[in-house]
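Structure first, commentary second.
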Amino acid sequence: MGNSEQSAEQSNAVTGKKKRSPVERAIVWGLIAVALLVVLIEWNARAGYSKTLAALQERIELSDKQNGEAFLLDEAKTMISGFPLGKEELTNKGKRLQYHWFSLFRSYDIQLTTDDEDIVLALKTEAVPNEDALPQFVAPQNQAQPNKPPIAAHQLSLPDKGLDREFKDVVVMSTDQLDSQVDELKGILTREIVRQALLIGGRDGLGRKTRDASLRGDVKLVENPELFPLQLITHINRNREVSIDLILPFKTELAYRWNSEPFTLPEEFAFEALVEHSEALSRGGFVEALQEAGYSGKAAEWKDESDLPEKTLKQIKEWSFISQYTVAQDMHSAIAAEGESPERLAMLARAYANLGSLTERLMSPAHKVLKARALLYAERLTDRCEDSPWSLAYRAYVRTFVGRHHSALADLNTIQSQAGEGDGKRPLPEWLDLIEAYCLYKPEVLEKATRDENRKYMAIYLSALQTDPELDAKQAMSSYETLLKLEPACIRALDQMNDVPSLGNLSSVTGERQYELWEELFEKLQAGNLPKIPRDHIDAHLAFLFKSKAALSFRERITRQMKSSDSTQHEPSANALGQLLQEVSYLLVCRKMRFLTDFFSVNPDNQIELHESLVAGHPYGPYLKIYSSIPADVEASYKNMFGSYDPNELEISVGKLITDSYGYLQYEDYMQLKDAAVNNLDPVFYDQLQYSRFLVKQRAYSRNLLGDIARTMLEISPHQPQTIAMNIDANKGYADQHHTEILEKYGDKPEILSAMAKRHLRELNDEKAEDILLRRLALTKDYETYASLAELYQRQGETGKWLDTLKNALRVPTVGLENAKIRSKIAYYHMGRGEWELAEPYAMDAAKTYSAWGLICGARYHEAVGELDAAEELMEGCSKRYEGNAADWYFWCVRTNHGDQKTARLLAERMILEHPYPNHYTRTMEIGVIHFMQGSGKEAYENFLTAYQKHNDSYCGLHAALLADELNMTFERDELLKEIAGLWNKDYASAELANYFQLMLKEPAPFEWDPDRFQSLMVQLPEGSPTNFYFFAGKFLKLRGQEALAENYLQLAAASPETGKYNCALASQYLRALDKKVKPRRIEELPDGYHEVKQQSGQADYLVKRGKWKDAIQIYDEILKSHPKLTGILIRRAQSNEQMGEYEPAIADYKRVIEIDPVNWKPHTCLAIVYGASEQDEFRNAPQSLQHAQQAFDMLPTRYWVMYGALAVAYAAQGEFDKAIEFQKEALARAPTMEKNAVNRRLQLFNEGKPYIRSATE
């Protein structure tokens, strides 16, 4: 026996194994093969299903987006992966396709539904991959199988939290996202219409208690639950077809599922139709579904009429949300105990409408819940009363308060068509004409009714709703004060006073008046339906003679007791009322924090600590620290908010929370917050108005979007002045078409005249603008009108009229700092002329406001007259008071080489350097400036580079490029200059300078620095920009060894009157580092008469915009007499002549520019267009067009889109359309958005084999 055999035998002996027979081996390998086959089958099913589902879902998401392409069935079929079994069948409205991937352990199914045009409408699944097998459930006996929609398996997984057993007989609903593909039906109110209908089905159809997660605090979820809330998802497809899925999970059974019969909403009044259908479901389908799910009970008895208690009739007139809450509770109790009646339904609808309006400004979606209930109960009333005029009056009331004014007017018209009578038993309400006056905007009717003792309650509230502080602050304040005198517990009136930025007003409404409000609220609570413990505490508090004014601890205690109440006696609940009390606390605390930080710049940290417990548990409670003086806390608060906010309830009403997060969050995260709020908008007046103002304040919007909102508001509320003003501003066609009608109805309304004036100002129609503004001043004198008139005179170059208008404005009392801002403007005007004595009183008055801009104005004056200590005192106060100006004192010390630079530097380092925010443009830029001043070139470069890359900012890019040059980082320098030159569409001046730098960096340099060319660029820039450019040019030339030119430009920057520019301070420090003395400060930014040139050029440019080319040419002629080498002025004169068809002088000017500045690309481009596309045959010369276009194209290192366009025109003129198309496509790719349509039209011409020829009007 060999060694190997012996070893094998010993091994078998030790292990005790026998050698398998061939049959055994065949069985084993067979089992392995079966296992592998099963694995292969399962892998194919799971992989094919997963890949298909992901592809289909991604494509459906794309089609759901605005302007998304329809998802066709043929495309869907190409996305099917694996080897599923397919089945296709016809339905009444299209097709249904089912795909099944075979699996031994679970079902992998996908169902696609299409319309009759084979557009995919819906995707449903029966399984989710990558999860363990689901447990087997036994369906409850009461489950109705025919109504089961296909539901994905993951929808059957149990929620992490649920309900205690105490909610066994209570209808409790979670808040689930609305699934809508119709833009105007995507908001919270739309979602709540259907949700509240289901709750009404449980409450009024079955007599059950209900609890609603959409009312914060109404539903308390627990770990390891016994029960779960109902889940309801409403689907609205792009054809406005509505289907509703209802799911009730069970712990040990299969979830109950119900699906409504689909119904389609009409295009007009779709929102009202949704209310009508949902209300019908609340009496039918939803009641049956709840019964099938296991809820029992019966509806309250119907009574044809009933009496209302005096208490209710009194409280319904009180404009306190607590009084309205009490009315709603009492009506629910009366219905449950005694039966439903028209009077009780009417009062219930009215109370919920009032509640929704009064809580509209709270940072909570509760007002949408309350409005939805109001709409549904009003609809229920009209159904019960067969659309009697009396019932329609209450529905009109609700629609008015919800913000659907056009549909309210439809009801009012129906009532009038029925001779304006009641229903035989009930007269029409006495407030009906007031509702009509509000919707039609007849403020004189409301004002008259305020003197009627019975009707004044309604008239005063509607008047306050209709006034708008952004349109007429004085009238708004008067209306709010009148309302608060009538109802001191009106939180809405008090909060709206925060929209009037008067220092005295804000000090009052965020201080003493908040305490007064709480005393009134406690009295309202005492008259309401409270649980025993908070009632006893409030009784004791109000009975105590020497009580403190609603101390924070007492507010906190009452709120906590209400929120933790386990009482189920009333609907809506005491818990939800406790949450509303906390919503009031949160809103008032935020107003106080904003006032302290934005207006007083007081350190708010102790106030934050004082109020934190008061808002503990509020969803936005932790974000009070966004007002903190510690930047790290602010940043952490915003990041926490992004990680925890609920997209189902975020509204535009928290707009400041969203906009202020910009710079602290990544841009994508900020946009996600903004989009969530926008997606929750509803087609109601308040939402659309707030959205438009949110966009305007962000300064990041298109006029097309504002126009869309304005048109939506015309459909919703066609008569409100805000709607008219928005459409005048955003929709030119509307303004032109309805001009006479608007003047007839609103000709004495200052807010409408202001909108008309702004429109004329924007369109440069000075004569009409001046006429409208003077007409408005004849009605009422206000700051905004004077400011607009002064702006008009300023741009016309009528300085005397501008100054007189501003001085006239000072005679008008204002509620804010408007007069101080005027004084600041006048002070700068006089300082710009060296009129120090005239400037002094205006500058000092501005400084007395202790605003940042006022302090800087005062410091500017003191510095100019040599009072440096006084100037430093103001700058120190500004930096210590305002976080946004924390570095200004340090920059001032560096620039003047005076003052306590060390302490100022430490403050800047503590507030700025220690708290970098890469996403915050100003903060990152200031860090770069500080490092620059401290000689930390590398750190300065990195921060400027970050600011440039994140914000596409040429100023920071030029700093980064020059620092790279100084640090011998030539590659980085060249790349930055190339990129900045590519920003010509956004910042043409910086692009021109970057290209000029690139040309001079060539070896050898092709030309010498041309001061005339540079100054020609400077006169085209806005104030402050030349100071920055002088520094950039000086530093660049210093690094090139051109000492004399460099010092000249550095001195121009350092001695500039634009002392607020960082480059002014940097130039001063740079010169001192070179042992150069800074020259005395100039009063004009541009030297050697260029200031006058700039003013003249500005007037001429304005005339060009207005189409007054001859007048403009006269001014250009005057400029060129004293400055004949200003190529920019020559080009503008040439372009003006072109506009008039005067090509000979235009061509002469372009050629003159080429003589003066051979490397100027612009005259070549202009000549290429003239020779290639002139409408006058005698000037067209295709070869010369191509020659000039090519010269311009070859001239600069970085090319602009117009150069490609000029070459395209030139090639088309020669009939070379292939090349014309090639270059025009490049032009189209590079052109700014506003030019793309014109560029595309030329491309179409070239595709058709036609050259581009100008029309006489171009």
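For segment 214-226, the condition of being at pLDDT 90 or above, outside any loop (DSSP other than H, G, I, E, B) and either at positive phi or buried (at least 22 other Cβ atoms within 10 Å of the Cβ) (or both) holds for none of the residues.
Every residue, every condition in (1) assigned to a loop (DSSP other than H, G, I, E, B); (2) out of contact with any helix residue (DSSP H, G or I) (no Cβ under 8 Å at 6 or more places or on another chain), yes or no:
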{"position": "S306", "(1), (2)": "yes, no"}
{"position": "W319", "(1), (2)": "yes, no"}
{"position": "E343", "(1), (2)": "no, yes"}
{"position": "L348", "(1), (2)": "no, no"}
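In this structure, does P1197 turn out to be surrounded by fewer than 17 Cβ atoms within 10 Å (Cβ to Cβ), closer than 30 Å to E1008 by Cα, touching a residue at least 24 places away in the same chain (Cβ under 8 Å) and not assigned by TED's automatic domain parsing to the domain that holds A1100?
Numbers: surrounded by fewer than 17 Cβ atoms within 10 Å (Cβ to Cβ): yes; closer than 30 Å to E1008 by Cα: yes; touching a residue at least 24 places away in the same chain (Cβ under 8 Å): yes; not assigned by TED's automatic domain parsing to the domain that holds A1100: yes.
Against the criterion (surrounded by fewer than 17 Cβ atoms within 10 Å (Cβ to Cβ), closer than 30 Å to E1008 by Cα, touching a residue at least 24 places away in the same chain (Cβ under 8 Å) and not assigned by TED's automatic domain parsing to the domain that holds A1100), P1197 qualifies.
The lone criterion from (1) surrounded by fewer than 20 Cβ atoms within 10 Å (Cβ to Cβ); (2) in contact (Cβ under 8 Å) with a residue 12 or more places away in the chain left unmet by E767 is number (2). One residue stands out in segment 644-660 among those that are of a type in the set (S, T, N, Q) and part of a helix (DSSP H, G or I): the one that is nearest to R699 (Cα to Cα), namely T659.
Which residue out of E1175, E1216, E1142 is of a type in the set (D, E, K, R), touching a residue at least 60 places away in the same chain (Cβ under 8 Å) and out of contact with any helix residue (DSSP H, G or I) (no Cβ under 8 Å at 6 or more places or on another chain)? Quick ask: steps written out before the conclusion?
Numbers: E1216 fails: touching a residue at least 60 places away in the same chain (Cβ under 8 Å); E1142 fails: touching a residue at least 60 places away in the same chain (Cβ under 8 Å).
Exactly one residue qualifies, and that residue is E1175.
Among the residues that make up segment 448-460, is at least one of them among the hydroxyl-bearing types (S, T, Y), touching a helix residue (DSSP H, G or I) at 6+ places or on another chain (Cβ under 9 Å) and part of a helix (DSSP H, G or I)? Yes, segment 448-460 contains at least one residue that is among the hydroxyl-bearing types (S, T, Y), touching a helix residue (DSSP H, G or I) at 6+ places or on another chain (Cβ under 9 Å) and part of a helix (DSSP H, G or I).
Here is a yes/no grid of residues against (1) farther than 24 Å from A213 by Cα; (2) part of a helix (DSSP H, G or I); (3) free of Cβ contacts under 8 Å to residues at least 60 places away in the same chain:
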| site | (1), (2), (3) |
| --- | --- |
| P572 | no, no, no |
| G578 | no, yes, no |
| Y586 | no, yes, no |
| M593 | yes, yes, yes |
| I608 | yes, yes, yes |
| P619 | no, no, no |
| Y623 | no, yes, yes |
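Tell me yes or no: at least one residue of segment 638-649 is among the aromatic types (F, W, Y), touching a residue at least 40 places away in the same chain (Cβ under 8 Å) and surrounded by 15 or more Cβ atoms within 10 Å (Cβ to Cβ). No, every residue in segment 638-649 fails to be among the aromatic types (F, W, Y), touching a residue at least 40 places away in the same chain (Cβ under 8 Å) and surrounded by 15 or more Cβ atoms within 10 Å (Cβ to Cβ).
For segment 351-387, the set of residues classified as out of contact with any helix residue (DSSP H, G or I) (no Cβ under 6 Å at 6 or more places or on another chain) and either among the basic types (K, R) or modelled with pLDDT under 95 (or both) consists of R384, E386, D387, listed by residue number. On the given criteria, is D1088 under 29 Å from E835 (Cα atoms) and not in a helix (DSSP H, G or I)? Considered against the rule, which asks whether it is under 29 Å from E835 (Cα atoms) and not in a helix (DSSP H, G or I), D1088 comes out as yes.
Every residue, every condition in (1) part of a loop (DSSP other than H, G, I, E, B); (2) more than 30 Å from the chain's Cα centre (by Cα); (3) of a type in the set (D, E, K, R), yes or no:
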position: E872; (1), (2), (3): no, yes, yes
position: E876; (1), (2), (3): no, yes, yes
position: L907; (1), (2), (3): no, yes, no
position: N919; (1), (2), (3): yes, no, no
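The set of residues in segment 466-483 being surrounded by fewer than 22 Cβ atoms within 10 Å (Cβ to Cβ) and part of a helix (DSSP H, G or I) consists of Q466, K474, Q475, A476, M477, S478, E481, T482.
Of the strands (runs of 3 or more DSSP E) entirely within segment 54-129, those holding at least 1 residues that are touching an Asp or Glu at 6+ places or on another chain (Cβ under 8 Å), modelled with pLDDT under 80 and within 30 Å of D675 (Cα to Cα) occupy 120-125.
Residue count for segment 684-734 satisfying the condition of being among the hydroxyl-bearing types (S, T, Y), under 24 Å from L185 (Cβ atoms) and in a helix (DSSP H, G or I): 5.
Taking the condition touching a helix residue (DSSP H, G or I) at 6+ places or on another chain (Cβ under 7 Å) and either at pLDDT 90 or above or crowded, with 18+ Cβ neighbours inside 10 Å (or both), does N679 pass? Before you say what the answer is, go through the steps one by one.
Values: touching a helix residue (DSSP H, G or I) at 6+ places or on another chain (Cβ under 7 Å): no; either at pLDDT 90 or above or crowded, with 18+ Cβ neighbours inside 10 Å (or both): yes.
Against the criterion (touching a helix residue (DSSP H, G or I) at 6+ places or on another chain (Cβ under 7 Å) and either at pLDDT 90 or above or crowded, with 18+ Cβ neighbours inside 10 Å (or both)), N679 does not qualify.
Count of segment 1113-1150 residues, restricted to those that are more than 18 Å from H1091 (Cα to Cα) and either in contact with a Leu (Cβ under 8 Å, 6 or more places away or on another chain) or outside any helix (DSSP H, G or I) (or both), is 7. Taken together, the residues in segment 241-273 that are surrounded by 19 or more Cβ atoms within 10 Å (Cβ to Cβ), touching a Phe, Trp or Tyr at 6+ places or on another chain (Cβ under 6 Å) and not in a strand (DSSP E or B) amount to 1. Return a yes/no flag: does segment 984-997 have any residue that is among the aliphatic types (A, V, I, L, M) and closer than 23 Å to N919 by Cβ. No, that holds for no residue.
Here is a yes/no grid of residues against (1) within 21 Å of W1009 (Cα to Cα); (2) of a type in the set (A, V, I, L, M); (3) assigned to a loop (DSSP other than H, G, I, E, B):
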{"position": "A1046", "(1), (2), (3)": "yes, yes, no"}
{"position": "L1050", "(1), (2), (3)": "yes, yes, no"}
{"position": "G1060", "(1), (2), (3)": "no, no, yes"}
{"position": "A1065", "(1), (2), (3)": "no, yes, no"}
{"position": "R1072", "(1), (2), (3)": "no, no, no"}
{"position": "K1077", "(1), (2), (3)": "no, no, yes"}
{"position": "P1080", "(1), (2), (3)": "no, no, yes"}
{"position": "I1083", "(1), (2), (3)": "no, yes, yes"}
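Which one of L274, L290 is touching a residue at least 40 places away in the same chain (Cβ under 8 Å), under 25 Å from H405 (Cα atoms), in the same structural domain as I188 (by TED's automatic domain parsing) and in contact with a helix residue (DSSP H, G or I) (Cβ under 6 Å, 6 or more places away or on another chain)? Exactly one residue qualifies, and that residue is L274.
Selection of segment 173-199 for residues being touching an Asp or Glu at 6+ places or on another chain (Cβ under 8 Å) and among the hydrophobic types (A, V, I, L, M, F, W, C) yields M173, I188, L189, A197, L199. Pull up segment 1214-1245, narrow it to residues that are under 42 Å from the mean Cα position of the chain (by Cα) and within 20 Å of Q1176 (Cα to Cα), then point me to the one that is surrounded by the most Cβ atoms within 10 Å (Cβ to Cβ). For segment 1214-1245, the residue satisfying everything is R1242. The condition (being crowded, with 23+ Cβ neighbours inside 10 Å and closer than 20 Å to L232 by Cα) is satisfied by just one residue among L355, L381, L375: L375. Considering (1) among the charged types (D, E, K, R); (2) more than 21 Å from E1092 (Cβ to Cβ); (3) part of a helix (DSSP H, G or I), the lone condition that R811 does not fulfil carries the number (3).
On the basis of being of a type in the set (D, E), farther than 27 Å from A349 by Cβ and more than 35 Å from the chain's Cα centre (by Cα), does E305 make the cut?
Judged against the criteria, E305 is not a match.
Applying a threshold of 7 Å to beta carbon distances and a minimum spacing of six or more residues, or different chains, the list of pairs starting in segment 987-1014 at a residue that is under 26 Å from A1231 (Cα atoms) and ending at one that is charged (D, E, K, R) and not in a helix (DSSP H, G or I) reads R1013/D1157.
The values are calculated or read from the model by the stated rules, or taken from the named source; none is laboratory data. All of these numbers come straight from a predicted model, not from anything done at the bench. Every residue, glycine among them, receives a Cβ derived from its backbone with ideal geometry; neighbour counts consider all protein chains shown.
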